[in-house]
Amino acid sequence: MNQKKATEEYIQLAHGSGGKLSHDLVSQVIVKEFKNPILDTLHDGAKISIGGAKLAFTTDSYVVKPRFFPGGDIGKLAVCGTVNDLAVVGAKPLYLSAGFVLEEGFYLDEFKLIVRSMAQAAALANVQIVTGDTKVVERGAVDGIFINTAGVGSIFEGVDIDVRRVKPDQAIIISGYLGDHAVAVMSERHGLSLPEEIVSDCAPLNSLVKIILETDPSTVMLRDPTRGGLATVLNEIASQAGVGMLIDEDELPVKPSVKAVCDILGFDPLYLANEGKLVVIVEEYISRKVLAAMQSHPLGQNARIIGKVSKEPAGQVGLITGIGGIRLLDMLTGEQLPRIC
Amino acid sequence: MNMKDSAYTKRAAGLLTEGISRLGAKPMRIMEVCGTHTMSIFKAGIRRILPETIDLVSGPGCPVCVTANDYLDAAVAYARLPESIIATFGDMLKIPGSHSSLLAEKTAGADIRVVYSPMDALALAAENSGKQVIFLAVGFETTAPLVAATILAAKKGGVSNLYFLTAHKLVPPALAALLKNPLQSKKIDGFLLPGHVCAITGTKAFEFLSEEFKIPAVVTGFEPLDILEGIYLLVKEIAAQECRLLNQYSRVVKENGNKDACRMMAEVFRPAPSNWRGLGVICHSGLVLKEEYGDFDALSSLPVELFASVEPAGCRCGDVLTGSIRPPECPLFGNKCLPEHPVGSCMVSTEGACAAWYKYQAGRWQF
Amino acid sequence: MCLAVPAKVVSREEFLAVVDVAGVTRNVSLMLLPHAKVGDFVMIHAGFAIETVEEEEAGRILELLQELASYEHER
């Protein structure tokens, strides 16, 4: 059958990559059915109100392969990913749930390592895992272990992270090096030996977010560029807010070794998943102060102002290249790397 | 080794761009032969800073795009063979055949593996002795020697379950055919030549452009500054009404190329007529396996039932590949033909002109 | 598919070499470049070294840029 038909009738790997097909699946199938204004905001976490308390609620599933990689493992990722999704809604992450689907025959020792890693990550993030579930399915029905975590947090007083507040002339900041996580995960798959400096950046970002919000409670936007990378996240924000963006390629922090892996394998660091980075949008007048605050935190030492929000062209992101040219920075179409997080 | 300081890069780029604008005052059309150049030019944002007088058109330099549907259809047929593993470069996955694509076959359960080197296919054959591994050998002179070397290694190792579905093509005959083509509607004033093809063949393989056709050409590298320099040298040549072959990429490309690579290609392959989308059948423009290596040739040693191929209705890839139209001028561009569901290969190949134009939205994007 | 990356040959054993690009190492075949030596810079493409890379002729490009810069002063 042709590709168009295949895409319409079957789930493709690309539907899970965080790019355009993922988007279409979510908006045209899932959001359409579940229908409610909270879901329509399509941020990483949902903002809900219960008896006057302003809370954030989120969930994520983890299928990364290999399960252990330089700098982390599926368990650490499962905790940090959900903690970060709460943090970027402007919330203090409080409680997590952990659901496991295990394959018959999975090594008990490996499971113990993963669970311990989750406990350590939770302690680091200052959250508690308070409920969960474990299912076992027959050999072959899942690949080893799949983990789902959901989380709840309380939104900081006076903070309103909302894509509708993104406006022209605001500054865009990235908290550090791009592409490290994806490269750390995929290097094993492709027979590349990496220098010690490349490890997954997997980390809980709530303490960095706290510093940012203390410096500027009117921070406009926070996102963590996971699947689909920085380019996808910027495109999502631009399109939801109806604004343009101009990014300076020379300001984007990428380690030479990460660039080398990308050159060899034909990837683009701007589309690679990060698990410990933040995109921050603030008003221009306070951007340098926020940058300094970020740089004083261990997870933000290499933060840079990478560009600004613009009026035109609405919904799109432009990149000023190293030679002074300019090009469109599109959203990811298709799949770059399966099972990266 | 490359002076990568960003201030230097911007300064050098500025000077080269000014030089191009100064010399490129009258309209001229330059063909970027290689699909990788098309992509790199967009990626560096070069189209936006060139003067309007310079028309950069894409050429037939996308080996996947210039190969007709029957190749992909054969690949699909092999994918459906029981106990077979297809080993392929990643960008072949989405290329549409007459009725299916490798990605669709993979979704439906075929064993298709993306590899980065033909040597990976050799490794797959060794690890899966009970199965047939078929490598999709597509590419120009940059890739053919790699396949040749792999076949020589396979023969030496006595490997008997590795096959190659070959569609290698040669660039110089295609350019000659392009220039002799009576249907060629747009006059080309100069060529940017593919640096890595030339690294193998040597610059002398392209001297005919200067000697026979009196058209200037510059062998160009792929870094943004390489390309700007290549364009500058070419524009200077055109403006001076000269027609020399120049070598911007001299740090990699020599006059005689890589003799070891050429020798291996000649050992394993022989030239044959080949069908190029947009250009028709061109003599001596393709490579087929010599008889001594026939055991590795998929079509003769592992025959499979092939079904009739149809070219996609309304597809203008052929015209895009000869530089006769720009991708947005194809009526299917951006509506019926999209990266998610392409009609022709130019929209999904990593070196496809349509893919580049769609992804970077024509390059002259205003804001 | 013309993508090739410059890398430094770190070690070689017969036709197999280890190359280094900014600290990232991998194995490549030297079947197409049998005379490559440790310390050479080579272009690697799809698992093979296809050509050696000479030291960038700094003189050549700087001369070109100086020539171009001279036009700036004329304006």
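Every number in this text was worked out from the coordinates using simple rules, so none of it is lab data. This one's a predicted model, so the numbers in the text were calculated from it and none came from an experiment. For neighbour counting, all protein chains shown are included, and Cβ atoms are generated from backbone atoms with ideal geometry for every residue, glycine included.
Points worth noting:
- Scanning residues 5 or more positions from A:SER154 or on other chains, those with amide H under 5 Å from its amide H are A:ALA56, A:LYS92, A:LEU94, with H placed 1.01 Å from N in the peptide plane.
- Unsatisfied cross-links (Cα-Cα over 25 Å) in the set B:LYS94/B:LYS336; A:LYS311/B:LYS94; A:LYS65/A:LYS259; B:LYS169/B:LYS236; A:LYS255/A:LYS277: A:LYS311/B:LYS94; B:LYS169/B:LYS236
- Annotation: for a label point projected 7 angstrom from Cα along Cα→Cβ of A:GLU214, residues of segment A:60-90 with backbone N closer than 18 Å are A:87-88, A:90.
- Amide H contacts of A:LYS277 (H built 1.01 Å from N, under 5 Å, at least 5 apart or other chain): none
- Chain A - mean residue ellipticity at 222 nm from DSSP helices (-39,500 (n - 2.57) per run, n ≥ 4, rounded to 500): -8500 deg cm²/dmol
- Principal-axis tilt of helix B:144-156 within chain B, Cα atoms, nearest 10 degrees: 30 degrees
- Of A:LYS92/A:LYS289; A:LYS289/B:LYS359; B:LYS156/B:LYS259; A:LYS210/B:LYS359, those spanning more than 30 Å from alpha-carbon to alpha-carbon: A:LYS289/B:LYS359; A:LYS210/B:LYS359
- Efficiency of FRET from Cβ geometry, A:LYS65 and B:SER250, R₀ 45 Å, rounded to 0.05: 0.55
- Angle in degrees between helix B:69-79 and the longest Cα principal axis of chain B, rounded to the nearest 10: 40 degrees
- Cα-based shape type of chain A, given that a ≥ b ≥ c are square roots of the gyration tensor eigenvalues and the cut on a/c is 1.5: rounded
- The ranking of A:VAL137, A:VAL258 from fewest to most other beta carbons within 10 Å of each one's beta carbon is A:VAL137, A:VAL258.
- Using the Cβ-Cβ distance between B:ALA266 and A:GLU197 with R0 set to 30 Å, the FRET efficiency from 1/(1 + (r/R0)^6) comes to roughly 0.10.
- Spatially, segment C:1-40 and segment A:203-234 are offset by 40 Å when compared through their Cα centroids.
- Note that segment A:171-176 has calculated 3J(HN,Hα) couplings of 8, 10, 10, 10, 7, x Hz, one per residue in order, obtained from phi through the Karplus relation 6.51 cos²θ - 1.76 cosθ + 1.60 (θ = phi - 60°); glycine and proline are x.
- Legend: ranking of residues A:SER22, A:SER200 from fewest to most surrounding C-beta atoms inside 10 Å; resulting order A:SER22, A:SER200.
- Simple label model, 7 Å out from Cα along Cβ direction - A:ILE30 to C:GLU13, nm: 4.8 nm
- Cα-based helix-to-principal-axis angle, C:58-74 vs chain C, degrees rounded to 10: 20 degrees
- Shown for A:HIS190, A:HIS43: other C-beta atoms within 10 Å of each C-beta, ranked fewest to most, produce the order A:HIS190, A:HIS43.
- Dipole in debye (nearest 20) - segment B:38-93, about Cα centre, beta carbon charges: Lys, Arg +1; Asp, Glu -1: 260 debye
- Under DSSP loop assignment and at most 10 Cβ neighbours within 10 Å, longest GluC sites (Glu not before Pro)-free interval of chain B: B:84-304
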